[in-house]
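Written below as structure tokens is the structure these notes are about.
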Amino acid sequence: MYILDCTLRDGGYLNNWQFSPEEIQDYLDSLQKYNVNIAEIGFRYLKKDDSLGICAYCPDKFIDNLQIPDNLQIAVMIKAEQIRDENDLHHLFTEKSNSRLDLVRIAVQYEKATNCRKITEILKNKGYKVALNLTKLSKDSEIRVPDWETVDVLYFADTFGELYPDEVKNFIDGIKKEYAGSLGFHGHNNKGLALKNTLTAMECGVTYVDSTINGVGKGAGNLKTEDLIWKSFKGFDKARQ
């Protein structure tokens with residue numbers, strides 16, 4: 001089981017990703033204490049905007065200056081809609097051997113997922129772990145599951161927080177009929193079901209789950225990292241099992 005905390009990325013919607021170096025370092029140190037596996041420290045946007053902070057871009061130079069705790073993986077997210085061609089990816093990402101970045105997550109509306117194959121291939125060839133995050137799903141969504149060797153984790157996000165636990169189960173069971181790789185789940189808390197939906201996803205075989213400190217995030221917010229650790233693992237020392 002892997003816990004991915006995306007406080008700086010999703011919580012950045014509330015402050016334009018304006019986090020101080022001290023806040024970022026304290027955040028990383030706290031994740032190690034609570035056995036969180038992956039820290040998604042922000043986006044890697046292509047276009048510059050002076051109103052946005054460093055966590056909207058997360059350049060390698062910024063990551064190089066972080067004191068990253070042992071056993072904590074670092075992730076960033078890109079939006080597929082911002083990538084125009086291969087040159088954009090080569091501009092954004094160096095070879096993994098020259099970067100401390102571990103995981104790149106690609107956010108894309110589920111009906112456009114099949115357009116991302118080239119993006120996943122380029123990132124995988126550079127040496128990164130790659131996750132494809134399918135967004136804006138509903139209980140009626142029909143997904144063409146991409147079964148590509150270049151995708152390490154297939155995530156699905158309850159973007160509007162409208163799913164119920166039984167719908168989460170049905171959704172995952174359907175995906176597993178076509179996809180044998182690792183699955184991830186990102187729940188939103190619009191109905192107060194982020195925790196229950198995430199636990200249901202875990203029971204159904206999902207091995208990557210998202211959360212944020214105190215549930216901070218866009219809209220109604222996310223699953224609280226504190227609740228996830230307490231409820232699902234019954235103790236911080238078991239969080240990596």
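The values are calculated or read from the model by the stated rules, or taken from the named source; none is laboratory data. In this text, all values refer to a predicted model and were calculated from it rather than measured experimentally. No Cβ is skipped: glycine too gets one built from the backbone with ideal geometry, and neighbour counts run over all protein chains shown.
Looking only at residues in the stretch 162-190 that are small (Gly, Ala, Ser) and under 16 Å from the mean Cα position of the chain (by Cα), which one is surrounded by the fewest Cβ atoms within 10 Å (Cβ to Cβ)? Explain how you work it out, then say what you get.
Step one: of the stretch 162-190, the residues small (Gly, Ala, Ser) are 174, 180-182, 184, 187.
Next cut, under 16 Å from the mean Cα position of the chain (by Cα) only: 182, 184, 187.
Values: Ser182: 16, Gly184: 23, Gly187: 28.
That would be Ser182.
Please verify whether Asn65 is more than 17 Å from the chain's Cα centre (by Cα), closer than 17 Å to Glu23 by Cα and not aromatic (Phe, Trp, Tyr), treating the condition exactly as stated.
Numbers: more than 17 Å from the chain's Cα centre (by Cα): yes; closer than 17 Å to Glu23 by Cα: yes; not aromatic (Phe, Trp, Tyr): yes.
Yes; evaluated as a whole, the condition is true for this residue.
Working only within the stretch 173-186, note down all residues that are under 16 Å from Tyr2 (Cβ atoms) and at pLDDT below 95. Walk me through it before giving the result.
First, the residues of the stretch 173-186 that are under 16 Å from Tyr2 (Cβ atoms): 181-186.
Gly181 - this is the single residue of the stretch 173-186 that is under 16 Å from Tyr2 (Cβ atoms) and at pLDDT below 95.
Residues of the stretch 17-58 being without any contact (Cβ under 8 Å) to a residue 24 or more places away in the chain and of a type in the set (Asp, Glu), which ones?
Glu22, Glu23, Asp26, Asp49, Asp50, listed by residue number.
Out of all the residues in the stretch 205-234, which are buried (at least 19 other Cβ atoms within 10 Å of the Cβ), assigned to a loop (DSSP other than H, G, I, E, B) and at pLDDT 95 or above? Talk me through it step by step, then tell me what you get.
The first filter runs over the stretch 205-234 and keeps only residues buried (at least 19 other Cβ atoms within 10 Å of the Cβ), leaving 206, 208-213, 215-217, 221-225, 228-229.
When the remaining residues are screened for being assigned to a loop (DSSP other than H, G, I, E, B), the result is 206, 216-217, 221, 223.
Val206, Val216, Gly217, Leu223 - these are the residues of the stretch 205-234 that are buried (at least 19 other Cβ atoms within 10 Å of the Cβ), assigned to a loop (DSSP other than H, G, I, E, B) and at pLDDT 95 or above.
What are the residues in the stretch 46-82 that are among the aliphatic types (A, V, I, L, M) and either exposed (fewer than 11 other Cβ atoms within 10 Å of the Cβ) or part of a strand (DSSP E or B) (or both), if any?
Going through the stretch 46-82, the residues among the aliphatic types (A, V, I, L, M) turn out to be 46, 52, 54, 56, 63, 66, 68, 72, 74-78, 80.
Scanning the stretch 46-82 gives Ile74, Ala75, Val76, Met77, Ile78.
Would you tally the residues in the stretch 155-179 being closer than 16 Å to Asn133 by Cα and part of a loop (DSSP other than H, G, I, E, B)?
Going through the stretch 155-179 one residue at a time, the tally reaches 5.
Of the residues Ile122, Ile63, Ile106, only one is touching a Leu at 6+ places or on another chain (Cβ under 7 Å), more than 22 Å from Gly12 (Cβ to Cβ) and touching a residue at least 12 places away in the same chain (Cβ under 8 Å); which? Please lay out each step first, then the result.
Working: Ile63 fails: more than 22 Å from Gly12 (Cβ to Cβ); Ile106 fails: more than 22 Å from Gly12 (Cβ to Cβ).
Result of the check over Ile122, Ile63, Ile106: Ile122.
Is it true that Leu193 is farther than 17 Å from Ile229 by Cβ, buried (at least 20 other Cβ atoms within 10 Å of the Cβ), more than 16 Å from the chain's Cα centre (by Cα) and at pLDDT below 95?
Details: farther than 17 Å from Ile229 by Cβ: yes; buried (at least 20 other Cβ atoms within 10 Å of the Cβ): yes; more than 16 Å from the chain's Cα centre (by Cα): yes; at pLDDT below 95: no.
No; evaluated as a whole, the condition is false for this residue.
Can you tell me which residue is surrounded by the fewest Cβ atoms within 10 Å (Cβ to Cβ) among those in the stretch 114-151 that are under 21 Å from Val168 (Cα atoms) and modelled with pLDDT of 80 or more?
Kept after step one, since they are under 21 Å from Val168 (Cα atoms), are these residues of the stretch 114-151: 131-147.
If we keep only those that are modelled with pLDDT of 80 or more too, we end up with 131-136.
Details: Ala131: 25, Leu132: 25, Asn133: 24, Leu134: 26, Thr135: 19, Lys136: 15.
Result: Lys136.
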